[in-house]
Amino acid sequence: MAKISIVKEFWDFLKTRKRFWLAPIIIILLLLSLLIIFAQSSAVAPFIYTLF
């Protein structure tokens, strides 16, 4: 439940401050962090590291 309130609070911040340009940056950072977390324990890791 706390995670949902954080997302709602962030969305309210974006709406009131008109900072919608922050949303894609946050989404990309979250996707990259998830990719790194899941790649550490899989056989795909050597292929992902060659991308960077």
Ala43 vs. criteria modelled with pLDDT of 80 or more and open to solvent by less than 100 Å² (accessible area, probe 1.4 Å) | no
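Being at pLDDT 80 or above and at positive phi narrows it down to one of Lys18, Lys8, so name that one.
Lys18
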Subset of the range 19-42 (residues that are of a type in the set (Phe, Trp, Tyr) and either touching a Pro at 6+ places or on another chain (Cβ under 8 Å) or part of a helix (DSSP H, G or I) (or both)) = Phe38
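The values are calculated or read from the model by the stated rules, or taken from the named source; none is laboratory data. Because the structure is predicted, anything quoted here is derived from the model rather than measured. For neighbour counting, all protein chains shown are included, and Cβ atoms are generated from backbone atoms with ideal geometry for every residue, glycine included. In case anyone asks, the SASA skips ligands and DNA or RNA and just uses the protein heavy atoms, side chains included. Shrake-Rupley method; radii C 1.70, N 1.55, O 1.52, S 1.80 Å.
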